[in-house]
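> First the structure, then my questions, so here it is.
The numbers here are math on the coordinates, done by the rules we state, and not lab data. Here the structure is a predicted model, which is why all the values come from computation and not from measurement. For neighbour counting, all protein chains shown are included, and Cβ atoms are generated from backbone atoms with ideal geometry for every residue, glycine included.
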Amino acid sequence: MTIYLDHAATAPINEAAIDALNIQMRKLGNASSIHNPGRSVRKDVEDARHKLSELIGANPSEIIFTGSGTEANNLAIKGFFWQHPDRNLIVTSAFEHHAILDPVEWLVEHEGAEQVLIPITKAGVIDLDFLRKIVQTRGSEIAVISIMHSNNELGSIQPIAEIVKIAGDIPVHTDAVQSFGKVEFDFAALNVTAATISAHKIGGPLGVAALILKRGLDLTPVLHGGGQEREIRSGTLNAPSIVAFTAAAEYAIANMATNFKKIRELRDYFVTELKKCVTDVSINSITDPALPGIVNATFLGTESDALLLLLDTEGISASAGSACSAGVPRPSHVLVALGLSESDADASLRISIGTTNTKAEIDQVLAILPSVVERARNAFVVSELN
Amino acid sequence: MKLIAAMSGGVDSAVAAARAVEAGHEVIGVHLALSSNPQKYRSGARGCCTIEDSHDARRAADVIGIPFYIWDMAEEFHDGVVENFLSEYSEGRTPNPCLRCNEKIKFAAVLDRAKGLGFDGVITGHYAQMHETEIGRMMYRAIDPTKDQSYVLAVLNTEQLAGAHFPLGDTVKDDVRIEAKRRGLYVANKPDSHDICFVSSGDTAGWLRDRLGSEVGSIVDEAGTKLGEHKGAYTYTIGQRRGLGITVPAAGGEPRYVLKIEPKTNTVVVGSHEALAVTKIIGDRPIWCGPEPVINTEFRGFAQVRAHGSPLPCTYLQTGTEIKVDLDEPLFGLAAGQGLVVYDGDRVVGSATVASTE
């Protein structure tokens, strides 16, 4: 038995995406070739781009396909920074994903950039007054503002439209990998300069994502080569994955309202029951406006790696903060940014509910959790005594 | 039983875990991250907590088919082992950090956590044997004398040993490597670890100098006559002969050895080989691996003072707070802080920390 509650890490691939992938993988041709097979594959890629652009409220030419969300984020951060040699400052938030924080840190260490991290309020959103101040006082120095559309550990949706207004002429990028396909996300309506979306978070294949970049803008590339994507991203177009990405997106958006309601009900049920069956638990995740399926909870007097091990033993897949490259668990920087102590952050789990989960599964988890938490608390007490 | 297999990423712990699975136990692999800044790659002597090692351990667990996790024990390791290593050296003693790690980390922090989580014990790839006997579950030397690690495990008390499992004690190392290959474990030919895992360069003296300073002090003979200078007394070892930095040769030209290290005066005392001879050893902080020997009663047995030292025939008795050993033949060079392990034949009786010698 496996109960998968880690949909924010990656979601199960859907049948529409598998079918699209299977058909396209059998087709021969490099989309950049001028011969007939090449043109045929190019048409499939452009059809997919066109459909995807409609689903996201963008123009087809605004979609730059990449190999991952991390690559798209790197392209946005480094691209905007290098594009504006007179602007040295990168503004982002304290609870961004490492795919934003790490390229920014790299630019600080190697390219002389300066970063400003906007703090997080108790409501799980960025401090808009802080942003206003930094834009007022140092606006002419800012190369890019990058704020995630929704937080992957708390679920909270950020006031992107408001941020864009405050930013004025400053480019605004948003990492929307958790939002696209799950909640309303319209590139044109938000009026952001760039956004990152990714296929595998919404039932598409791994290894394909996109940076949506406003028309007419240029970015300094990170990868150099054939210049396939607007001379901004090089690399042979991954036609099967691109086609499958669009298939997954179509499916996700067609079912978004139904899934949102279903997942949200499961989440609310889980949280209500969790508080009844486990003592000393506090909920960190945000309810509204938020992604439907994220629950983040602190189980006082435990360590998250013990909880994860015990849940895994029971066939339940959940998640905690990130791990370093050697796999050593680290307290979540997101929870620390929210104001939790390191030990409370280290006692927290993220459960992300998705389209495939059922109420029966949630009930099973609720039946198992009290004993798991109790054992994790026993182990914690013992280790504290030493 | 439900067991945690401590997997270092080496061949021994991988085969030990595989054997436990085959024996029908429910096994979970755990790699201990002992450094908060794991080195990216091995360089020269290998450390025990590189990224590569954690990957090797994970891969071995995959091949064996068991779940795998990484436990962060960096803080416990630093406080319990590294800090102790430094303070022992700064007091002129010569500690063995592997003993300390077994006592405080592998069979304390890890075992306790395992039990708290509902597991019955911990499996390691150590070479030692546990046998059920009339007087209980006892620890014995491994059958491979070149790999026997009962010495570094003799710091475990009976309660710790009750939760300890050493599946490799009945096998010679070469056969463990052959078995690893047969099982498809690609760590089969990985070199053995040596040296002190947290001193990744292998240069223990340099590592100590960086942390304890390199204050110049005197090298003197037993009469107190100054013979030369050193840069940090703790970088010397009792019995050391080479590289002493003596500028005044002995009258008869005979070699001189480090006899004593006096941290308070930062002095190294040297003298003749005969002066290193030790026949009586007093160890404190006794730990019993089986039934406690009757107090103030002499027993015949063997003493061992180094991980790969020889068993020395002796008479020993315990006073309740100390173990006193009378060696049949003198031993040359023994430092305070070393582990003293007492055996009854191949059975491990217990251990103590060398406090003084005569």
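> How much net charge surrounds residue A:20 when only other residues with a Cβ under 13 Å from its Cβ are counted (Lys, Arg +1; Asp, Glu -1)?
Around residue A:20, the surrounding residues sum to -2.
> Measure out, as a whole number of angstrom, how far apart the alpha-carbon centroids of segment A:100-116 and segment B:286-333 sit.
Value for the Cα centre distance between the two parts: 60 Å.
> With charges set only on the Cβ (+1 for Lys and Arg, -1 for Asp and Glu), what does the dipole of chain A come to about its Cα centre, in debye to the nearest 20?
That gives a dipole near 960 debye.
> Just to confirm the number: angle between the C-alpha axis of helix B:11-22 and the first principal axis of chain B, 0 to 90 degrees, nearest 10?
30 degrees
> Can you sort B:138, A:25, A:148 so the residue with the fewest Cβ neighbours within 10 Å comes first?
The most exposed by this proxy come first: A:25, B:138, A:148.
> Sticking with this structure for a sec: With each label point set 7 Å from Cα along the Cα-Cβ vector, what nm distance links residue B:254 and residue A:137?
So the label points at residue B:254 and residue A:137 sit 7.8 nm apart.
> If you don't mind, another one. For segment A:285-380, what is the relative contact order in percent, using Cα pairs closer than 8 Å and at least 6 residues apart in sequence?
Reported relative contact order: 40 percent.
> What list of ³J(HN,Hα) couplings, whole Hz, do you get for segment A:332-342 from phi and the Karplus terms 6.51, -1.76, 1.60, once you set θ to phi - 60° and write x for glycine and proline?
Once θ is set to phi - 60°, the couplings for segment A:332-342 become 4, 5, 5, 5, 5, 5, 6, x, 6, 6, 4 Hz.
> With labels modelled as points extended 7 Å from the Cα through the Cβ direction, what inter-label distance (nm, one decimal) is found for residue A:191 paired with residue B:146?
7.8 nm
> If amide H atoms are built 1.01 Å from N in the plane of the peptide, which residues on other chains or at least 5 residues away come under 5 Å of the amide H of residue B:348?
B:139, B:140, B:141
> Quick check on chain A: helices-only [θ] at 222 nm, where DSSP H runs of length 4 and up contribute -39,500 (n - 2.57) each and the sum goes over total residues. Nearest 500, please.
That calculation yields -14000 deg cm²/dmol at 222 nm.
> Under 5 Å between amide hydrogens, which residues at least 5 positions from residue B:25 or on another chain qualify, with H placed 1.01 Å from N in the peptide plane?
none
> Name the lysines eligible as straight-distance cross-link partners of residue A:275: C-alpha to C-alpha under 19 Å, and not fewer than 8 places from it in the same chain.
A:359
> On to the next question. Toward the positive end of the charge dipole of chain B, about the Cα centre and with charges on Cβ (Lys, Arg +1; Asp, Glu -1), which of B:352, B:118, B:278 goes farthest?
Checking the options against the dipole of chain B, the answer is B:118.
> Compute the FRET efficiency between residue B:90 and residue B:241 as 1/(1 + (r/R0)^6), taking r as their Cβ-Cβ distance and R0 = 22 Å, and round to the nearest 0.05.
0.40
> Show me, for segment A:189-205, the HN-Hα J-couplings you get by feeding each phi into the Karplus relation (A = 6.51, B = -1.76, C = 1.60, θ = phi - 60°), rounded to Hz, glycine and proline as x.
3J(HN,Hα) across segment A:189-205, in whole Hz: 5, 6, 6, 6, 7, 8, 8, 10, 10, 9, 6, 6, 7, 10, x, x, x.
> Residues with amide H under 5 Å of residue A:66's amide H, sequence separation 5 or more or different chain, H placed in the peptide plane at 1.01 Å from N; which?
A:209, A:210, A:211
> Of A:295, A:271, A:91, which is the most mobile in a GNM of chain A whose springs link Cα atoms less than 10 angstrom apart?
In the Gaussian network model the winner is A:271.
> Compute the distance in nm between two label points, each set 7 Å from the Cα along the Cα-to-Cβ direction, one at residue B:265 and one at residue A:98.
Taking the simple label geometry, residue B:265 and residue A:98 are separated by 5.5 nm.
> May I pose another question? In segment B:162-273, if the dipole is taken from +1 on Lys/Arg beta carbons and -1 on Asp/Glu beta carbons about the Cα centre, which of B:207, B:166, B:244 is farthest to the positive end?
B:166
> Calculate, for residue A:110 and residue B:78, the FRET efficiency according to 1/(1 + (r/R0)^6) with r their C-beta to C-beta distance and R0 30 Å; round to the nearest 0.05.
Here the calculated transfer efficiency is 0.50.
> Right, here's the next one. Residue by residue through segment A:289-301, which ³J(HN,Hα) values in whole Hz follow from phi under the Karplus form 6.51 cos²θ - 1.76 cosθ + 1.60 (θ = phi - 60°), with glycine and proline marked x?
Per residue, the Karplus-derived 3J(HN,Hα) values read x, 7, 4, x, x, 8, 10, 10, 9, 9, 9, 3, x Hz.
> Which pairs break 26 Å Cα to Cα here: A:214/A:262; B:226/B:260; B:106/B:264; A:201/A:261; A:27/A:51?
Pairs exceeding the cut-off: A:214/A:262; B:106/B:264.
> Toward the positive end of the charge dipole of the protein assembly as shown, about the Cα centre and with charges on Cβ (Lys, Arg +1; Asp, Glu -1), which of B:261, A:41, A:310 goes farthest?
Value computed over the given set: A:41.
> Would you mind calculating the relative contact order of segment A:63-125 from Cα pairs under 8 angstrom and at least 6 residues apart, reporting the percent as a whole number?
Answer for segment A:63-125 is 35 percent.
> Still on this structure, I have one more. With a cap of 11 neighbouring Cβ atoms within 10 Å, and only residues DSSP puts in a loop, list the GluC sites (Glu not before Pro) found in segment B:83-149.
Filter output for segment B:83-149: B:134.
> Could you work out the helix-only [θ] at 222 nm for chain B, with each DSSP H run of four or more residues adding -39,500 (n - 2.57) and the total divided by the number of residues, to the nearest 500 deg cm²/dmol?
Rounded to the nearest 500, the figure is -6000 deg cm²/dmol.
> OK, next. Sorted from fewest to most neighbouring beta carbons within 10 Å, what does the list B:71, A:82, B:288 look like?
Ascending number of Cβ neighbours within 10 Å: A:82, B:288, B:71.
> How high is the relative contact order of chain B, given as a whole-number percent (alpha carbon pairs under 8 Å, six or more residues apart)?
Taking the mean separation of contacting Cα pairs over the length of chain B, I get 16 percent.
> Shifting gears a bit: Can you tally the net charge around residue B:231? Count Lys and Arg as +1, Asp and Glu as -1, for every other residue whose Cβ sits under 9 Å from the Cβ of residue B:231.
Summing Lys and Arg as +1 and Asp and Glu as -1 gives -1.
> Using a Förster radius of 51 Å, what is the FRET efficiency between residue B:315 and residue B:181 based on their Cβ-Cβ separation? Nearest 0.05, please.
E between residue B:315 and residue B:181, to the nearest 0.05, is 0.65.
> What dipole magnitude, in Debye to the nearest 20, does the protein assembly as shown give about its Cα centre under +1 on Lys/Arg Cβ and -1 on Asp/Glu Cβ?
That gives a dipole near 1420 debye.
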